[in-house]
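Student: Encoded as structure tokens, here's the structure I'll be asking about.
The values are calculated or read from the model by the stated rules, or taken from the named source; none is laboratory data. Note that the structure is a prediction, hence the values are computed from the model and not measured. Cβ sites come from the backbone with ideal geometry, for glycine too, and all protein chains shown count toward neighbours. Heads up: the accessible areas ignore ligands, DNA and RNA and are worked out on the full protein's heavy atoms, side chains in. Shrake-Rupley method; radii C 1.70, N 1.55, O 1.52, S 1.80 Å.
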Amino acid sequence: MDEKTVLLGKVGPTVILPRQGGQVVPLRQTAPLRVDVAGGGPVGLAFACTLKSLLGDQVSVRVHDRRWMRRGNRVVWRGTAEGNNRREQVVTLQSNVWAALPSAVQQRLFVPGKFSEMWPLGPDSPESKGRPRNIKIRWIEDALLDMAQDTYGIEVIPEAYVRPDRWDGLHVLAIADGARSATRDSLSAHFGTPSRELFSVDGSPLDERVLGIRVTAKVPDEHTVPLTVAQNRFLFNSLGGGFINMRLTAEEASEIVALGENGPVSCIGNTGCTMRPSGGRFVCDRHRAVFKPSVDKLSYLWPRILDGLRFFGVGAADVVGITSFTLGMTQMSKFTAQLAPSTFGFLLGDAANSLHFWPGRGLNTGLKSALSLAVNLQKRWRGKAFRAADFAAHEGTMQQLQYREKSRAWTTMLMPDSEGVPRGIEDRIREGLQGPFDRASLVSTLFERVLDIKKRLGGRMGTLATDEWYYGRINAMDVRTLKVMVESSPWITREIGGEEVVVPSAEVSSPEPIRRGLSLVS
Ligand SMILES: Cc1cc2nc3c(=O)[nH]c(=O)nc-3n(C[C@H](O)[C@H](O)[C@H](O)COP(=O)(O)OP(=O)(O)OC[C@H]3O[C@@H](n4cnc5c(N)ncnc54)[C@H](O)[C@@H]3O)c2cc1C
């Protein structure tokens with residue numbers, strides 16, 4: 001063999017390639033980067049697909065999720081019959097995020113009928129990239145699980161991830177098993193413990209209860225935007241239907257009770273079950289319990305829910321499900337940790353940063369973390385063990401994201417008044433529910449806000465409804481609902497706006513053709 005034309009690698013098996021003239025050239029191929037992902041939600045799957053699209057055969061990826069099961073030779077999502085309530089919420093992806101995903105992923109996600117453009121351009125959705133896009137989280141999960149298997153050849157394992165005793169040969173553990181991450185908790189010696197201290201008021205962690213009312217919509221998605229932005233009690237995010245989210249006081253939250261045959265049962269209040277319409281009532285499929293406010297003639301909450309629906313042109317008959325969430329935030333000290341001499345662990349998605357969703361940033365932040373890590377790994381993988389310094393840029397981005405997104409969400413939770421003094425949403429709602437009520441003045445205040453928002457949004461989104469339509473929506477409200485909306489204040493867009501954290505793009509049309517793990521010596 002002619003030594004001058006031998007291809008040398010550093011590690012791994014020898015590959016024999018044909019050479020001009022009929023001779024063969026032994027080639028040593030670099031061993032692939034070995035990656036495990038704990039959690040195959042939207043962030044775990046997006047990370048796995050992006051990394052595969054960037055590194056091709058240079059990486060071998062396995063993803064574990066406990067909400068999957070095997071059907072024939074495929075892995076699919078468990079359904080209700082298998083004890084898994086699929087998530088139905090509509091999320092808004094900013095164009096700095098969706099346009100940075102690999103183009104094959106974009107093409108698969110954004111097909112007609114599966115997304116809409118409801119929200120305006122802004123700092124995280126610049127005109128050059130396009131408007132934010134609404135999409136169902138369930139569709140993201142379905143499409144990415146298919147792509148992981150069919151397009152990228154990722155090994156998908158329908159089981160809970162269990163931390164191994166030894167990290168033999170694993171280079172990267174990406175931890176994306178959600179806000180209550182068991183994997184992160186099992187590695188607290190490396191990552192520290194999430195702290196609630198910074199997101200507390202008078203020494204108590206601040207939690208908010210939100211009711212999620214899933215509806216089919218009658219009006220174009222975009223038309224509801226000025227109504228949502230004019231107040232902070234209700235938020236409607238829609239894709240021809242979606243969730244009307246309603247922020248609650250503690251007294252209202254205590255009404256979120258499910259009644260079984262023998263009294264209250266642990267259901268929507270603690271396990272997040274969805275109550276679905278059944279004969280004029282709302283019933284949980286799993287516990288056969290009834291959502292109490294919908295059958296309780298003395299309920300304070302039920303008429304307030306119906307008023308919120310009416311605001312967005314939705315009736316009780318359009319409600320297809322009711323669920324509830326508790327939202328609070330924690331601070332992480334670090335997101336990257338060396339687990340063993342050759343193994344690094346990374347917190348991604350909600351396992352890293354769980355956010356209050358009112359500004360709609362949880363998944364955007366999670367996808368930014370996934371993109372940042374995938375691009376960092378692509379830049380740094382040289383076929384041998386990583387060093388801590390390789391991840392300085394990624395850890396920096398994670399700290400920036402934590403600062404930017406949690407400051408934004410915390411401001412939304414504290415709701416400072418015009419003097420900058422915090423006046424939390426609960427206090428505002430309670431004050432709104434008390435008289436005196438001046439109907440004419442409340443209608444006029446809310447209508448002025450909507451007109452002002454319409455003017456500001458003009459040019460950044462499509463055509464909105466007429467002024468008369470908005471006046472009609474506002475004037476249809478009960479006076480208590482009107483006062484709560486006025487007290488809750490319009491969205492504090494100036495305080496939460498400003499520069500955004502931009503992460504590198506993984507937008508490539510195909511894997512790089514040149515294998516960088518090979519070195520040519522001649
Ligand atoms: C009502 C509502 C509205 C929202 N709206 C928006 C919005 O408009 N914009 C936005 O950006 N974000 C929004 N969010 C937030 C967004 O839904 C989350 O940030 C996102 O789902 C986080 O994705 P993830 O993959 O990190 O975690 P998850 O979606 O929680 O996925 C974690 C996965 O890990 C799996 N898992 C858990 N434990 C294990 C284990 N031990 N082993 C294996 N697998 C495990 C779970 O089965 C799950 O599939 C909203 C959230 C809510 C509740």
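Student: Near Met398, within a Cβ-to-Cβ distance under 10 Å, what is the net charge of the other residues, with Lys and Arg +1 and Asp and Glu -1?
Tutor: Values: positive: Lys334, Lys368; negative: Glu395.
Charge balance in the 10 Å sphere: +1.
Student: Still on this structure: Using only the alpha-carbon atoms, how far is helix 137-150 inclined from the longest principal axis of the chain? Give it as 0 to 90 degrees, nearest 10.
Tutor: Helix 137-150 sits roughly 10 degrees off the main axis of the chain.
Student: Report the Rg/Rh value for region 419-492, based on alpha-carbon coordinates and the Kirkwood definition of Rh. Could you put the intermediate results ahead of the total?
Tutor: Working: Rg = 13.6 Å, Rh = 13.4 Å.
Reported Rg/Rh, Kirkwood definition of Rh: 1.01.
Student: Further question on the same structure: If ligands, DNA and RNA are left out, what is the accessible area of Arg184 with a 1.4 Å probe, given in Å² to the nearest 10?
Tutor: Roughly 20 Å² of Arg184 is accessible to a 1.4 Å probe.
Student: For Cα pairs less than 8 Å apart in space and 6+ apart in sequence, what is the mean separation divided by the residue count of the chain, i.e. the relative contact order in percent?
Tutor: Working: 1020 pairs, mean separation 107.3, N = 522.
Value for the chain: 21 percent.
Student: With the crude spin-label approximation of a point 7 Å out along Cα→Cβ, what separation in nm comes out for Asp478 versus Gln338?
Tutor: Rounded to a tenth, the inter-label distance reads 6.2 nm.
Student: Return the long-range amide H neighbours of Glu208 (sequence gap of 5 or more, or a different chain), with a cut-off of under 5 Å between placed amide H atoms.
Tutor: Here Leu327, Gly328 satisfy the definition.
Student: About its Cα centre, what dipole magnitude does the chain give when the only charges are +1 on Lys and Arg Cβ and -1 on Asp and Glu Cβ, stated in debye to the nearest 20?
Tutor: Details: 66 positive and 55 negative charges, 243 e Å.
The dipole magnitude comes to about 1160 debye.
Student: Helix-only mean residue ellipticity at 222 nm, the chain, DSSP H runs n ≥ 4 weighted -39,500 (n - 2.57), per residue, nearest 500. What is it?
Tutor: -9500 deg cm²/dmol
Student: Can you return the lysines within cross-link range of Lys334? Criterion is Cα-Cα under 17 Å, with same-chain partners fewer than 8 residues away left out.
Tutor: Lys368, Lys406
Student: Report, as a whole number in µm² per second, the diffusion coefficient that Stokes-Einstein gives for region 197-275 at 37 °C and 0.692 mPa s using the Kirkwood radius over alpha carbon pairs.
Tutor: Values: Rh = 14.9 Å.
Diffusion coefficient, whole number: 221 µm²/s.
Student: To the nearest 20 Debye, how big is the dipole of region 33-189 about its Cα centre, given +1 on the beta carbon of each Lys and Arg and -1 on that of each Asp and Glu? Don't skip to the end; give the middle numbers.
Tutor: Working: 22 positive and 18 negative charges, 63 e Å.
The calculation lands at about 300 debye.
Student: Gain in length, Phe437 to Val111, computed as 0.36 nm per residue apart minus the alpha-carbon separation, to one decimal in nm? Please list the in-between numbers first.
Tutor: Working: separation 326, 0.36 × 326 = 117.36 nm, distance 4.78 nm.
Taking 0.36 nm per residue and subtracting the Cα distance, the gain is 112.6 nm.
Student: Using just the C-alpha positions of region 133-265 as equal point scatterers, what log10 of I(q)/I(0) does the Debye formula give at each q in 0.15 1/Å?
Tutor: Once normalised to I(0) and log-transformed, intensities are -1.17.
Student: Given N residues in region 201-327, what is Rg(Cα) / (2.2 N^0.38 Å)?
Tutor: On the way: Rg = 14.7 Å, N = 127, 2.2 N^0.38 = 13.9 Å.
Rounded to two decimals, the normalised Rg is 1.06.
Student: Here's a follow-up. What order do Tyr152, Tyr300 take when sorted by accessible area (1.4 Å probe), most exposed first? If you can, show how the numbers build up before the last one.
Tutor: Values: Tyr152 35, Tyr300 160 Å².
The residues order as Tyr300, Tyr152, largest area first.
Student: State to the nearest 20 debye the size of the charge dipole of region 395-503 about its Cα centre, where the only charges are +1 on K and R beta carbons and -1 on D and E beta carbons.
Tutor: Working: 16 positive and 17 negative charges, 47 e Å.
Roughly 220 debye, rounded to the nearest 20.
Student: Whole-Hz Karplus ³J(HN,Hα) for region 350-358, in order, using 6.51 cos²θ - 1.76 cosθ + 1.60 and θ = phi - 60°, x for Gly and Pro?
Tutor: Coupling constants for region 350-358: 5, 5, 8, 9, 9, 10, 5, 8, 4 Hz.
Student: Taking a quarter of the surface of the Cα convex hull of the chain, what do you get in nm²?
Tutor: Answer in nm², one decimal: 28.7.
Student: Assuming R0 = 51 Å, what is the FRET efficiency of Glu495 and Glu261, from their Cβ-Cβ distance, to the nearest 0.05? Each step should come with its number before you reach the end.
Tutor: Working: r = 49 Å, r/R0 = 0.96.
Rounded to the nearest 0.05, the efficiency is 0.55.
Student: Please list, in order along region 233-247, the HN-Hα scalar couplings obtained from phi with the Karplus expression 6.51 cos²θ - 1.76 cosθ + 1.60 (θ = phi - 60°), rounded to whole Hz, x for Gly and Pro.
Tutor: Here the 3J(HN,Hα) series is 8, 10, 10, 10, 10, 9, 9, x, x, x, 9, 9, 9, 10, 7 Hz.
Student: If you don't mind, another one. Taking the dipole about the Cα centre of the chain, with the C-beta of Lys and Arg at +1 and of Asp and Glu at -1, give me whichever of Leu401, Asn134, Pro102 is farthest to the positive side.
Tutor: Most positive-ward Cα: Pro102.
Student: Within 12 Å, Cβ to Cβ, of Ala38, how many net charges do the neighbouring residues add up to if Lys/Arg are +1 and Asp/Glu are -1?
Tutor: Values: positive: Arg62, Arg66, Arg163, Arg184; negative: Asp36, Asp65, Glu159, Asp177, Asp185.
Result for the neighbourhood of Ala38: -1.
Student: Using DSSP, restrict attention to beta bridges with both residues in the chain and report what percent are antiparallel, rounded to the nearest 5. Walk me through the intermediate numbers first.
Tutor: On the way: 57 of 76 bridges.
The answer is about 75 percent antiparallel.
Student: Taking amide hydrogens as modeled 1.01 Å from N in the peptide plane, which residues meet the under 5 Å criterion relative to Asn84, leaving out close sequence neighbours?
Tutor: The list, which skips near neighbours in sequence, is Gly79.
Student: Report the Cα centroid-to-centroid distance between region 356-407 and region 199-278 in angstrom, as an integer.
Tutor: 31 Å
Student: Turning to a different aspect of this structure: Hey, what do the phi angles of region 214-227 turn into as Karplus ³J(HN,Hα) couplings, whole Hz, using 6.51/-1.76/1.60 and θ = phi - 60°, x for Gly and Pro?
Tutor: Working through the residues one at a time gives 8, 9, 8, 9, 10, 10, x, 3, 4, 4, 7, 4, x, 5 Hz.
Student: Turning to a different aspect of this structure: Using a Förster distance of 56 angstrom, determine the FRET efficiency expected from the C-beta separation of Thr466 and Gln149, and round it to 0.05.
Tutor: On the way: r = 48 Å, r/R0 = 0.86.
That pair, Thr466 with Gln149, gives E of 0.70.
Student: While we're here: Given Lys114/Lys455; Lys136/Lys297; Lys114/Lys218; Lys52/Lys384, which pairs have Cα atoms separated by over 24 Å?
Tutor: Values: Lys114/Lys455 29 Å; Lys136/Lys297 34 Å; Lys114/Lys218 18 Å; Lys52/Lys384 18 Å.
Distance filter (> 24 Å) returns Lys114/Lys455; Lys136/Lys297.
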